[in-house]
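Take a look at the structure set out below.
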Amino acid sequence: MTGTQHEFDEALLSGYIDGELTQGDRQRVRLHLENCAECRQAVEGLRSLREVTMGTEFRVPEDTQWDEAPRGFLSRLLTNVGWLLAIAWFVGLGAYVVWQTTTDSESFRFEGLIGFALLLAFVLIILSALVDRLKIRKNDPYRKVRK
Amino acid sequence: MREEVSESDRLLLAQVRDGDPQAREALARRVGDSAYVFALQLTGGSQSSRDIAQDSVLRFFEHLSSFDSERPLEPWLYQIVRNRVRDLSRRDRLRRHESLDLWLEQGRSVDADPTADPAADAERDELRRRVWRAMSQLTVTHREIIVLRDYHDLTYREIADTLAIPQGTVMSRLHSARRCLREIIVADDGNLSSRAPARRGDQ
């Protein structure tokens, strides 16, 4: 089965059993098979392999084994509203803490420090998530999937 | 040839887009099973396959509104699964692999004839196991193209779309993959065609 023995590319045999050849190529392969026992055997082997592969069934998870159903519109809406509220809360709290710490009130200094630390912690967590998301977005393997 | 989208698929998509929860569930089940099996085959039997399938289905529904309903669903779904597998492989996050033959359905082959000889059935089951064990030993590039054609029954054009390769490359790569698979089987257990039940008369 070498190119020197056959006038056509050996890969045509795969195209032949898959029914993917042009009429001309199909005719060429058919004529060749009439005279070449080696290629006939190869075609039979490929067909056997294909039949075995096709006649297989894999175990799939039961319905109850799927952890999460695809998210609907309402679910996505609630998530987005939740995020908006959280951001509004961060901004509001931040403004309040900044305003309090810039006043001369001695009694608020300690509470302001705690509030500022809390706010900073949240900002850093969000920032780290944002950096990750930006990084993923840059290399997002799905970006070409939308068709 | 299956490049045209079927009428039932077009209808199902329209129902899902109209917000029909039953249609959505039916589509989710169908693409979930397909995505799972393909993930299993692609990863060579990784235990991460269910997570990959689940994530792929979420992606599938996330972008469904922008999907062209005149195109068949499967190549698009398989492209999502493939991307997810490659992404996890790159980050070395695929869990333990098993040989693919361990995931085969027990005693429920799709072409099993209830009146057939039990010994012949057992022989056929054993042959399937050997083929899928050999499939596990192929490179991912070879394994993916064989399963897309011989298991999922995609056309060359659909395979080219899924793998993002020229249509002309599909045939040569597929043939090379089949040859490698055959060599592994023959090296491991002997001649395939001499043991294939469907080919007994040819011996």
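What follows is calculated from the coordinates using simple rules that are stated; it is not laboratory data. Nothing here was measured: the structure is a model prediction, and the numbers come from that model. Positions of Cβ are backbone-derived with ideal geometry, glycine not excepted, and every protein chain shown enters the neighbour counts.
Brief remarks on what is shown
- Dimensionless Rg/Rh of the stretch B:1-98 - Kirkwood Rh, Rg from C-alpha atoms: 1.01
- Dipole-positive endmost among B:Ser89, B:Ser6, B:Ala53 within the stretch B:1-98 (Cβ charges, Cα centre): B:Ser89
- For the pair B:Arg29 and B:Ala164 in one chain, pulling the backbone fully straight at 0.36 nm per residue adds 46.0 nm over the alpha carbon distance.
- Theoretical FRET efficiency, 1/(1+(r/R0)^6), r = Cβ-Cβ of B:Gln15 and B:Val140, R0 45 Å, to 0.05: 0.80
- Surface/4 of the Cα convex hull for the stretch A:15-66, nm²: 5.1
- Spin-label model, A:Thr103 to B:Glu183: label points 7 Å out along the Cα-to-beta-carbon direction sit 8.1 nm apart.
- Label zone at A:Leu118 (point 7 Å along Cα-to-Cβ), backbone N below 14 Å, the stretch A:78-94: A:89-94
- In plain terms, the residue of B:Ile145, B:Ile165, A:Ile114 with the fewest other Cβ atoms within 10 Å comes first and the most crowded comes last, giving A:Ile114, B:Ile165, B:Ile145.
- Summarising the label geometry, the points placed 7 Å from Cα in the beta-carbon direction at B:Arg95 and A:Ser75 lie 2.0 nm from one another.
- Given +1 at the Cβ of Lys and Arg, -1 at the Cβ of Asp and Glu and no other charges, the dipole of the stretch A:12-54 around its Cα centre is 80 debye to the nearest 20.
- Over all pairs of different C-alpha atoms in the stretch B:116-186, the reciprocal of the mean inverse distance, the Kirkwood hydrodynamic radius, equals 13.0 Å.
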